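The values are calculated or read from the model by the stated rules, or taken from the named source; none is laboratory data. Nothing here was measured: the structure is a model prediction, and the numbers come from that model. Here the Cβ positions follow ideal geometry from the backbone for every residue, glycine too, while neighbour counts run over all protein chains shown. These area figures cover heavy atoms from the full protein model, side chains too; ligands, DNA and RNA do not enter into them. Shrake-Rupley method; radii C 1.70, N 1.55, O 1.52, S 1.80 Å.
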Amino acid sequence: RFYKKLSGMTGTALTSAEEFRRVYNLEVVSIPTHQPNARLDKNDLIFQAEAGKWQAVTKKIKELNTKGQPVLVGTVSIEKNELLAAHLSREGIKHEMLNAKNHEREGEIIAAAGRRGAVTIATNLAGRGVDIKLGGPTPTTEEYETVKGLGGLFVLASERHEARRIDNQLRGRSARQGDPGETQFFLSLEDTLMRVFASERIKNMMGRFGIPEDEPIENRLVSRAIETAQEKIEGLNFDLRKHLLEYDDVTNHQRLTIYERRR
């Protein structure tokens, strides 16, 4: 026998597989990519101070922009979006800014993010549903090959989210359909998530080794510890949503009983 079951498709359900199974009784199946994934996910860079991080982000964008490689920068809020835009303007780097204040041009801005030399700053969930093609919205073969030769779209994230799913959504904007691409997260110990996760321990270690504020550490163990912190927060949020649904079930049971008695 076959049962018709609710289903959907998304690129980021795997990290929430347990919630789908336990709350909605839905299994999550990972479908292999149509083309081999050529994306290069670089190690996180971790800075002591937020000011040092923004300096490093600006420097990296300038370096990529001089080379001609398109850059998509993910920020966690409109405030951070505008802060980075101010840094880029001071350096004379031409850029497009996308947030809730200028959502009318959202599709147009995101579609052009793959052009040679493009710099696009977006709040992390902006522009979903629009494919970023290397070379621009309707690239010539020459434009496509030029950007491909430069390394494809570079996605630069300025902070980690509480949910790995949102980080993965941002990473997934780069290297579509077998194209090349790169991603990297720039973090500081003053970021919200880093303050939650043992920042004092890392700060002391960086101070002991005399690492300047604008110089990063690149450590896989630290990155893994951050992911563990994200998993714990995801688990906490999952429990909150699960209990809310359980309370709703009780209310719904009472509601149905009253309706039945009325009838």
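Data table
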| item | result |
| --- | --- |
| Residue list for region 115-164, restricted to those being of a type in the set (A, V, I, L, M) and more than 30 Å from L189 (Cβ to Cβ) | A118, V130, I132, L134, V147, L150 |
| Number of the condition not met by I109 [criteria: (1) assigned to a helix (DSSP H, G or I); (2) farther than 15 Å from V73 by Cβ; (3) at pLDDT below 90] | (2) |
| Residues of region 12-30 satisfying the condition of being of a type in the set (G, A, S) and surrounded by 10 or more Cβ atoms within 10 Å (Cβ to Cβ) | A13, S16, A17 |
| So G135, is it free of Cβ contacts under 8 Å to residues at least 24 places away in the same chain and open to solvent by less than 40 Å² (accessible area, probe 1.4 Å) | yes |
| Count of region 48-76 residues which are surrounded by 15 or more Cβ atoms within 10 Å (Cβ to Cβ) and under 26 Å from L134 (Cα atoms) | 17 |
| Scope region 31-47; condition open to solvent by 50 Å² or more (accessible area, probe 1.4 Å), of a type in the set (A, V, I, L, M) and farther than 15 Å from V155 by Cα; matching residues | I31 |
| Candidates K80, K101, filtered to the one that is open to solvent by 20 Å² or more (accessible area, probe 1.4 Å), among the basic types (K, R), under 17 Å from the mean Cα position of the chain (by Cα) and more than 21 Å from K148 (Cα to Cα) | K80 |
| Residue match in region 181-196 (condition: assigned to a loop (DSSP other than H, G, I, E, B) and crowded, with 20+ Cβ neighbours inside 10 Å) | yes |
| Of all residues in region 138-164 being polar (S, T, N, Q) and within 28 Å of S89 (Cβ to Cβ), the one that is surrounded by the most Cβ atoms within 10 Å (Cβ to Cβ) | S158 |
| Subset of region 132-175 (residues that are among the small types (G, A, S) and part of a loop (DSSP other than H, G, I, E, B)) | G135, G136, G151, G152, S158, A163, G172, S174, A175 |
| Test: L45 is more than 22 Å from G235 (Cβ to Cβ) and either in contact with a Cys (Cβ under 9 Å, 6 or more places away or on another chain) or modelled with pLDDT of 85 or more (or both) | yes |
| Residue check, T120 β-branched (V, I, T), more than 22 Å from T192 (Cα to Cα) and open to solvent by less than 60 Å² (accessible area, probe 1.4 Å) | yes |
